[in-house]
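Down below is the structure, laid out as structure tokens.
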Amino acid sequence: MYSINTRQLIITKKLRTKVHNQTKNTENNRKMHQTILEELLKLNDDPRVHGVYLHLPPAALTNRVLNSLKPEKDVDGLLKDLLKCFCFCTGFQQLTEHRYIFLHRAVGSLVLSSLHSLFSFIVRQNVVRSCTRWLQEQQYKPWRLRSLKLQPLTPVPSDLQISRAQTAKPVNHLAEEIGLLPEELEVYGRSKAKVRLSLLERLNSQPDGKYVLVAGVTPTPLGEGKSTVTIGLVQALSAHLNLNSFACLRQPSQGPTFGIKAANNLVAAAIDARMLHEATQSDKALFSRLVPSVNGVRRFSPIQISRLRRLGIIKSDPSSLSPEEVNSFVRLDLDPEKITWHRVVDTNDRFLRKITIGQASTEKGLTRETGFDIAVASEIMAILALADSMEDMKSRLGRMVVGTSRSGTPVTAEDLGVSGALAVLMKDAIKPTLMQTLEGTPVFVHAGPFANIAHGNSSVLADKLALKLVGEDGFVVTEAGFGADIGMEKFFNIKCRASGLRPNAVVLVATIRALKMHGGGPSVSAGAPLPTEYISENLNLVSGGCQSNLKKQIQNAQQFGVPVVVAINVFRTDTPAEIDLVCQLAKECGAFDAVPCHHWMQGGRGAVELAQAVKEATSKPSYFQFLYDLQMPIVEKIRTIAKRIYGADDIDVSAEAQRKIDYYHEQGYSTLPICMAKTHLSLSHLPERKGAPTGFVLPIRDVRASVGAGFIYPLVGTMSTMPGLPTRACFYDIDIDPITEEISGLF
């Protein structure tokens with residue numbers, strides 16, 4: 001049974017005493033009202049408080065005070081409508097305190113003590129009613145979602161034109177429709193809002209909905225439309241089948257990643273500043289600056305206390321440290337050749353892949369080679385996507401290894417003393433962003449890790465919040481980057497381990513174009529016209545792609561024990577015979593179902609058949625299992641992925657990779673999951689090998705660790721963490737009208 005928060009009753013009692021004292025002096029009335037209003041605002045926004053009753057003197061119960069209390073938290077019944085009102089008790093209390101004689105004459109035989117008993121009973125009754133209503137509101141129920149109508153046009157306009165033609169609902173209206181409370185929302189403009197993590201606490205007892213992953217066949221360089229399938233599927237479920245449904249997507253790598261960039265580059269700045277200070281100062285000078293005297297007293301900060309404990313120093317008084325302990329405390333002694341942390345920027349810039357820093361005279365000649373990564377390649381982005389709470393994120397940030405000391409000891413962000421500041425920079429970034437589809441259905445857009453050197457999935461927190469909001473009969477659909485061999489495998493082996501969540505089904509997206517490529521068609525290049533094989537019917541190529549890549553990716557999903565629905569993302573050049581052939585062969589290859597999707601042209605209406613297939617698939621048992629045990633040696637985990645997911649005969653581990661594997665084992669990292677960094681254009685390490693290659697050995701060139709994120713990532717072949725711009729970059733098409741400020745060419 002739920003009850004009013006005990007902490008709140010104590011606060012109210014103290015507040016009442018304070019107000020009584022202030023009412024003795026009329027000059028303090030304004031201050032008294034301000035005190036009450038401030039407290040009421042706190043109570044209104046506190047999800048732990050389910051009801052408030054105002055036992056205050058008459059002078060304090062002004063209209064302004066009464067109107068400040070949220071009606072849903074009013075236990076006195078002061079603000080309820082007549083149909084759903086509480087019994088009013090506060091007024092009677094005022095009468096007993098100030099008009100006893102009149103009241104006594106009015107009721108005859110009633111005495112004051114019996115009135116107090118009555119008031120007490122009414123208050124308790126109202127508390128029960130308030131908590132019962134609150135409990136009922138937490139239980140699953142279909143949303144009262146107002147979907148937005150689409151007017152499909154032929155030919156289909158550009159994405160930008162389609163977006164501008166639709167008027168989105170105010171985000172606070174959408175939030176109310178899906179059961180969010182106003183205090184759980186931080187609105188940014190009209191169309192987006194951050195959602196506070198307190199929602200998880202409020203809906204803790206709510207059963208989760210169905211969990212669906214959208215993956216794909218090995219893509220062409222043009223992409224096969226997993227994101228559009230995700231949106232179309234959710235629109236079909238919500239707007240057309242009237243089922244509570246949420247899409248969870250990764251965010252783009254540009255503007256929304258400013259928090260990531262700031263935190264990442266703060267670590268980089270702290271590394272180089274610390275190396276400079278250690279090179280130019282004595283132990284005594286360093287200690288004096290790291291633990292400054294304030295009013296004649298030196299104190300360690302909590303982060304510094306943590307470092308002392310990791311060094312095995314139990315002391316907490318700075319003056320009690322021996323010279324040897326001071327030396328251990330102030331010297332990280334980073335090896336410049338073994339610093340693994342890079343700075344990041346939001347844009348592709350190949351000329352920042354390798355740079356030299358520290359060339360100014362003020363840096364005392366302490367130059368070193370380093371480089372930049374793109375922001376979404378940062379370990380902090382992966383941490384944002386895998387953390388399941390603020391506390392977990394802070395802990396992961398502190399565990400990040402930024403380099404190695406000359407003695408071979410890993411140096412972490414917490415050793416630098418920067419983990420608390422990182423958490424502060426990320427305190428807003430950790431909250432998922434609520435947005436909506438063209439049909440007004442909810443979407444969480446949160447985190448954007450690369451799918452090569454990171455796990456390529458949206459955040460754990462977005463999925464968890466969405467699963468609670470949709471309720472046990474609802475659906476949460478999330479997308480994994482690149483092909484199923486990369487994004488899906490990492491979703492299962494990394495993300496599901498971190499979240500504890502288990503999927504109910506996989507939607508495997510395929511296109512006739514990609515299947516023709518895997519069936520032996522000519523190469524496909526971004527920006528170049530498609531060869532005729534891709535725009536005319538060719539059943540032989542389609543069949544070859546189905547029997548190779550599609551079949552292998554279906555088998556990959558089945559290794560994890562979940563049903564697979566194949567979604568054919570239909571293009572205008574696809575023929576009915578090609579579509580029917582894919583549906584037939586996909587089922588023969590083991591898919592639960594295979595259906596064509598026309599959401600690109602028709603919106604949610606074009607994905608209703610897919611939605612029905614997914615609904616049926618999730619009603620079947622799911623026997624989820626991981627691909628490997630974390631206790632297996634690092635090399636064996638890599639070999640398992642290479643052989644069972646990619647189809648390799650074996651792996652070839654370089655001497656450098658083996659040296660690092662041995663080092664990670666010594667440091668206790670061998671139980672981390674594996675995040676393979678390889679090309680997304682082939683199941684093998686060679687982009688030109690299409691279909692389902694066999695008879696190859698997978699080369700492991702290097703192995704690195706993202707200890708904070710919680711995985712080890714082997715590098716297969718040559719992988720770059722900083723993309724370069726093509727000859728004709730997209731900025732050639734982007735412009736703004738200086739008069740109307742209308743932007744063109746974005747998409």
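The values are calculated or read from the model by the stated rules, or taken from the named source; none is laboratory data. All of these numbers come straight from a predicted model, not from anything done at the bench. Here Cβ is always computed from backbone atoms with ideal geometry, including for glycine, and neighbour counts include all displayed protein chains.
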query = Would segment 167-181 turn up any residue that is over 20 Å from the mean Cα position of the chain (by Cα), farther than 30 Å from Leu69 by Cα and surrounded by fewer than 22 Cβ atoms within 10 Å (Cβ to Cβ)?
reply = yes
key: Filter result for the condition that a residue is more than 22 Å from Asn457 (Cβ to Cβ) and either assigned to a strand (DSSP E or B) or touching a residue at least 24 places away in the same chain (Cβ under 8 Å) (or both), over Thr694, Thr679, Thr718   = Thr694
key: Hits in segment 491-505 - residues which are under 13 Å from Val460 (Cα atoms) and buried (at least 24 other Cβ atoms within 10 Å of the Cβ)   = Phe491, Phe492, Ile494, Lys495, Pro503
message = When you scan segment 442-460, do you find a residue that is touching a residue at least 24 places away in the same chain (Cβ under 8 Å), surrounded by 23 or more Cβ atoms within 10 Å (Cβ to Cβ) and part of a helix (DSSP H, G or I), even just one?
response = yes
note = Picking from Val344, Val326, the residue that is in contact (Cβ under 8 Å) with a residue 12 or more places away in the chain, out of contact with any His (no Cβ under 6 Å at 6 or more places or on another chain), under 25 Å from Ala709 (Cβ atoms) and not in a loop (DSSP other than H, G, I, E, B) would be Val344
task = Could you tell me whether segment 240-259 includes any residue that is surrounded by fewer than 18 Cβ atoms within 10 Å (Cβ to Cβ), touching a strand residue (DSSP E or B) at 6+ places or on another chain (Cβ under 9 Å) and hydroxyl-bearing (Ser, Thr, Tyr)?
result = no
key: Ala657, sole failed condition from (1) surrounded by 14 or more Cβ atoms within 10 Å (Cβ to Cβ); (2) without any contact (Cβ under 8 Å) to a residue 12 or more places away in the chain   = (2)
message = Suppose we filter Ala270, Ala247, Ala236 for residues that are farther than 30 Å from Gly483 by Cβ and of a type in the set (A, V, I, L, M, F, W, C); which single one remains?
response = Ala270
query = Restricting attention to segment 38-66, which residues are farther than 19 Å from Ser198 by Cα, at pLDDT 75 or above and surrounded by fewer than 14 Cβ atoms within 10 Å (Cβ to Cβ)?
reply = Glu38, Arg64
Entirely in segment 182-281, the strands (runs of 3 or more DSSP E) that have 1 or more residues that are closer than 30 Å to Gln553 by Cβ = 210-216, 245-249
key: Qualifying positions in segment 154-182 - of a type outside the set (S, T, N, Q), over 27 Å from Leu243 (Cβ atoms) and either touching a helix residue (DSSP H, G or I) at 6+ places or on another chain (Cβ under 6 Å) or free of Cβ contacts under 8 Å to residues at least 60 places away in the same chain (or both)   = Pro155, Pro157, Arg164
inquiry  = Let me confirm something: among Tyr646, Tyr669, which residue is closer than 23 Å to Ala382 by Cα and among the hydroxyl-bearing types (Ser, Thr, Tyr)?
reply    = Tyr669
